[in-house]
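S.K.: Have a look at this one.
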Amino acid sequence: MTTETPPADTTRKTSYRDILHSTSLLGAVGVASILIGMVRTKVVAALLGPAGIGVLGLASHIMQIGGLVGGLGFSSAGARELAAARTDQEAIGPEVVHVRRALALSTAVLGSLSAAVIWLLRAPIASAMMDDPAMADLVGWVALGVACTIAAGAQSALLVGLRRFADIARLQIGAAVLQAVAGIGALLIWGERAMVALLIAGPISNYLLGQWLLTRVERPRGVPYDAGIMTAHWRSMAALGVPIMLTMLLELGSGLVMRVAVKHEIGADGLGQFQASWSIATLYIGFVLQAMSRDYLPRLSAVVHDRDATSQMVDEQSEVALLLAGPIVVGMLALAPWLIPVLYSDRFEPAVDILRWQLLGDLFRIVGWSFSFVIVAAGRGTLHFAKSVLLNAILIGTTWLLLPRLGVEAAGVGFLLMTVVHLPLILLLVRTVSGYSWPASLRRSALLLIGFGTALAVVSRVSPLAGTLVGVPVAAVLGVRSFARVATMVELKGPLGRLARLAKALLARFETRG
């Protein structure tokens, strides 16, 4: 008896459906979370101004670094470990139980130690990183946020590794609502004294909701504790987690160095401008890539030793990333002069110039996004770290050198240069690690997107209104093209299918006239 292999087209369509299902679910939740966050940000910006936004962003950055270093990268490595241990996609076996126990115990120890260290060093941290010893009390509360961040990271790793996307969506939207309600409520009641509540509402909300969601996950009984197996999982997670942690620490550390340099060179208002543009450039495009990565890394880790399967998965993820994120970035480039005042206030208008540079960098970031995961999935943590050392040196060095001449706009130039260097570098590394070759069709799509974005940024710098009038239609056409292509990928039926056919007909007519 023989088993027929599914046709390649059928397998590819199934894969596209898996990608788009998880991305649409988590992406929709990401949009809702962003809208909730926009309301929160608008209130905070109106009541605290650029200086308050800058201080809050700096304290949040310190909390992120504390959570990252204290967690030793176990949250990222734990998701990969769970995906590798889960041989049966429908059931939770003994090996998954061992990974879960190892992750929970390590998290409890690491979270407690990290919080204690930050609490004891709160005064030196306030002086060195915030340039204000009076901020020691605020840094003391960061300790609680760090403990919750580490615990919430482990919870998220469990949900990602087990591919419980509905629970991930519940966690993301629920935490966003709780953070906004708690933060805005505290701000309206206590004014500037509500900084602590604004700072720790997010990690506490994530931890409490994550703990509740994990009570719903199956817990097989009768699996004995085995110190040897748990130790093996700790070693495996540490071998990958520590290089990932160091890599992410470089990225967060670079951001912290840039914030400290901006605050020292320009002042608190300049720091607020930087924080506003950085948040828009990373958050409002990052939600699409993050939604995709929740499913991508576990799936890629399972096939990374199969060269053909890896190449196919990378191509699929790359195409979907270009289709979903490309039109968003082009639209944001067109609307940059109006986004900043709407999302923050008129006092943040200088951030527009920084944002343009960063959005151009985002185009290169989108193109290279899917390739970076191959190195992590292959367990090449040291190579991943070395790459990040070079890139972050470019970011910090460029910003530091240009800051006296360009002001806070130097941060945007540094980000763009870093992403430009990253694209050919990651292609070379992925080719070395897996033998991957970038298809010509994807290369053309990427260069077309980057070309559109660059031309639009130039036009917008000369005339913001002209950039909007040109960019919005271009973004709309790109969006329609993306929708038509996605519909073809998954063979959409019903009203959406009819809408997709109409979109393809309109595009064909438009291209014929062009």
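S.K.: Need pairs with beta-carbon distance below 6 Å; first residue farther than 12 Å from Arg485 by Cβ and within the range 315-336, second of a type in the set (D, E, K, R); sequence gap 6+ or separate chains.
M.R.: Val329/Asp362; Ala336/Arg356
S.K.: Could you identify the single residue in Gln155, Gln172, Gln89 that is at pLDDT below 75 and either polar (S, T, N, Q) or touching a strand residue (DSSP E or B) at 6+ places or on another chain (Cβ under 6 Å) (or both)? Give the steps one after another, and end with the answer.
M.R.: Values: Gln155 fails: at pLDDT below 75; Gln172 fails: at pLDDT below 75.
Criteria check complete, one pass: Gln89.
S.K.: Between Asp353, Asp362, which is of a type in the set (D, E, K, R), within 18 Å of Gly255 (Cβ to Cβ) and touching a helix residue (DSSP H, G or I) at 6+ places or on another chain (Cβ under 8 Å)?
M.R.: Values: Asp353 fails: within 18 Å of Gly255 (Cβ to Cβ).
Within the list Asp353, Asp362, the selection yields Asp362.
S.K.: Among the residues of the range 244-251, is there at least one that is over 25 Å from Leu105 (Cα atoms), part of a helix (DSSP H, G or I) and not acidic (Asp, Glu)?
M.R.: The initial filter retains those residues of the range 244-251 that are over 25 Å from Leu105 (Cα atoms), namely 250-251.
With the extra rule that they be part of a helix (DSSP H, G or I), the set shrinks to 250-251.
Those still in the list that are not acidic (Asp, Glu) too: 250.
The answer is yes, given that some residue of the range 244-251 is over 25 Å from Leu105 (Cα atoms), part of a helix (DSSP H, G or I) and not acidic (Asp, Glu).
S.K.: Of the residues Gly140, Gly153, only one is part of a helix (DSSP H, G or I) and either buried (at least 21 other Cβ atoms within 10 Å of the Cβ) or of a type in the set (Val, Ile, Thr) (or both); which?
M.R.: Working: Gly140 fails: either buried (at least 21 other Cβ atoms within 10 Å of the Cβ) or of a type in the set (Val, Ile, Thr) (or both).
Testing whether each residue is part of a helix (DSSP H, G or I) and either buried (at least 21 other Cβ atoms within 10 Å of the Cβ) or of a type in the set (Val, Ile, Thr) (or both) leaves just Gly153.
S.K.: For a quick check of your reading of the model, give me the residue pairs whose first member lies in the range 243-268 and is of a type in the set (Asp, Glu), whose second is assigned to a helix (DSSP H, G or I), with beta-carbon atoms closer than 8 Å and at least 6 apart or on different chains.
M.R.: From the range 243-268, the pairs are Glu251/Ser388; Glu251/Asn392; Glu265/Leu403; Glu265/Pro404.
S.K.: If Thr432 satisfies all but one of (1) farther than 25 Å from Val257 by Cβ; (2) in contact (Cβ under 8 Å) with a residue 60 or more places away in the chain; (3) among the polar types (S, T, N, Q), what's the number of the condition it fails?
M.R.: It is condition (2) that Thr432 fails.
S.K.: Which one is farthest from Tyr296 (Cα to Cα) among residues in the range 353-391 that are within 17 Å of the chain's Cα centre (by Cα) and polar (S, T, N, Q)?
M.R.: Restricting to residues being within 17 Å of the chain's Cα centre (by Cα) and polar (S, T, N, Q), the top hit is Gln358.
S.K.: Further question: Name the one entry in Ser205, Ser254 that is closer than 26 Å to Val97 by Cα, among the hydroxyl-bearing types (Ser, Thr, Tyr) and modelled with pLDDT of 75 or more. Break it down into steps so the answer makes sense when it comes.
M.R.: Details: Ser254 fails: closer than 26 Å to Val97 by Cα.
Among Ser205, Ser254, only Ser205 is closer than 26 Å to Val97 by Cα, among the hydroxyl-bearing types (Ser, Thr, Tyr) and modelled with pLDDT of 75 or more.
S.K.: State all residues of the range 399-414 that are out of contact with any Ser or Thr (no Cβ under 8 Å at 6 or more places or on another chain) and buried (at least 20 other Cβ atoms within 10 Å of the Cβ); if no residue qualifies, say none.
M.R.: Here is the first cut: in the range 399-414, the ones out of contact with any Ser or Thr (no Cβ under 8 Å at 6 or more places or on another chain) are 399-409.
Passing the criteria: Thr399, Leu403, Val408, Glu409.
S.K.: Residue check: is Trp141 aromatic (Phe, Trp, Tyr) and closer than 26 Å to Ile125 by Cβ? Steps first, answer last, please.
M.R.: Values: aromatic (Phe, Trp, Tyr): yes; closer than 26 Å to Ile125 by Cβ: yes.
Yes.
S.K.: Oh, and also: Of the conditions (1) under 19 Å from the mean Cα position of the chain (by Cα); (2) more than 26 Å from Val458 (Cβ to Cβ), Ile396 clears all except one; give me its number.
M.R.: (1)
S.K.: Please find, within the range 306-353, the residue that is nearest to Thr454 (Cα to Cα) out of those that are in contact with an Asp or Glu (Cβ under 7 Å, 6 or more places away or on another chain) and at pLDDT below 85.
M.R.: Residues of the range 306-353 that are in contact with an Asp or Glu (Cβ under 7 Å, 6 or more places away or on another chain), as a first pass: 329, 340-341, 353.
Still in the running and at pLDDT below 85: 340-341, 353.
Details: Ile340: 20, Pro341: 23, Asp353: 14 Å.
The selected residue is Asp353.
S.K.: With respect to the numbered conditions (1) modelled with pLDDT of 85 or more; (2) assigned to a helix (DSSP H, G or I), which one is the sole condition not fulfilled by Arg498?
M.R.: The one condition Arg498 does not meet is (1).
Yes/no matrix, rows are residues, columns are (1) within 24 Å of Thr107 (Cβ to Cβ); (2) among the hydrophobic types (A, V, I, L, M, F, W, C):
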{"residue": "Ser236", "(1), (2)": "yes, no"}
{"residue": "Val260", "(1), (2)": "no, yes"}
{"residue": "Ile266", "(1), (2)": "no, yes"}
{"residue": "Gly270", "(1), (2)": "no, no"}
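S.K.: Here's something else I'd like to know. β-branched (Val, Ile, Thr), part of a helix (DSSP H, G or I) and without any contact (Cβ under 8 Å) to a residue 60 or more places away in the chain: does that describe Ile375? Explain how you work it out, then say what you get.
M.R.: On the way: β-branched (Val, Ile, Thr): yes; part of a helix (DSSP H, G or I): yes; without any contact (Cβ under 8 Å) to a residue 60 or more places away in the chain: yes.
Taking the combined requirement at face value, the residue satisfies it.
S.K.: Regarding Leu449, is this residue under 21 Å from the mean Cα position of the chain (by Cα), surrounded by 19 or more Cβ atoms within 10 Å (Cβ to Cβ) and of a type in the set (A, V, I, L, M)? So that I can check it myself, show each step before the final result.
M.R.: Details: under 21 Å from the mean Cα position of the chain (by Cα): yes; surrounded by 19 or more Cβ atoms within 10 Å (Cβ to Cβ): yes; of a type in the set (A, V, I, L, M): yes.
Yes: the conditions hold for Leu449.
The values are calculated or read from the model by the stated rules, or taken from the named source; none is laboratory data. Because the structure is a prediction, the values reported are computed rather than measured. Every residue, glycine as well, gets a Cβ built from its backbone with ideal geometry; the counts of neighbours run over all protein chains shown.
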